[in-house]
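What follows is one structure encoded as structure tokens, with my remarks underneath.
The values are calculated or read from the model by the stated rules, or taken from the named source; none is laboratory data. Since the structure is predicted, the reported quantities are computational estimates derived from the model, not experimental observations. Here Cβ is always computed from backbone atoms with ideal geometry, including for glycine, and neighbour counts include all displayed protein chains.
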Amino acid sequence: MDEKIRKIILLEYYSRLKGCSKIPQMHMYNFPELKEIDNEIIFKNAKFLIDENLVRGGIDEEKDHLFPWITRLTSTGIELVEKDQSE
């Protein structure tokens, strides 16, 4: 499940990079493919992508809540997506 969530996030940000996203302003918690997934699981996977340097982003804290945010893919993230697409 984690791999699937990470792939959905990476592919959306790759689409945004290429200018062909249908949801360019949507937060990952609202991605159609992730709507049924618990936000804690999405958070864990977004944090993994940030920690592994596949995306640029961070974690904001508001009172008792943590919110991940991503601005773009890193070159490593781009290479991973393109490698996966060519296989």
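The listed residues are K47, K35, K22, K7, and the only one of them that is of a type in the set (D, E, K, R) and in contact with a strand residue (DSSP E or B) (Cβ under 8 Å, 6 or more places away or on another chain) turns out to be K47. Figure legend. Inter-residue proximity from the range 24-37: first residues within 18 Å of G58 (Cα to Cα) and of a type in the set (S, T, Y), second residues part of a helix (DSSP H, G or I) and modelled with pLDDT of 95 or more, beta-carbon distance below 8 Å, spacing 6+ or different chains. Indicated pairs: Y29/I42. Would you check if there is a residue in the range 64-80 being basic (K, R), within 12 Å of the chain's Cα centre (by Cα), under 17 Å from M28 (Cα atoms) and part of a helix (DSSP H, G or I)? Looking through the range 64-80, none of the residues is basic (K, R), within 12 Å of the chain's Cα centre (by Cα), under 17 Å from M28 (Cα atoms) and part of a helix (DSSP H, G or I).
Look through I5, I23 and report the one residue that is assigned to a helix (DSSP H, G or I) and either of a type in the set (A, V, I, L, M, F, W, C) or exposed (fewer than 10 other Cβ atoms within 10 Å of the Cβ) (or both). Full working, then the answer.
Details: I23 fails: assigned to a helix (DSSP H, G or I).
When all the criteria are applied, what remains is I5.
Name every residue in the range 39-73 that is surrounded by fewer than 17 Cβ atoms within 10 Å (Cβ to Cβ) and either among the hydroxyl-bearing types (S, T, Y) or touching an Asp or Glu at 6+ places or on another chain (Cβ under 6 Å) (or both), in order of residue number.
F67, T71
Selection of the range 42-63 for residues being among the β-branched types (V, I, T), in a strand (DSSP E or B) and within 12 Å of the chain's Cα centre (by Cα) yields only V55.
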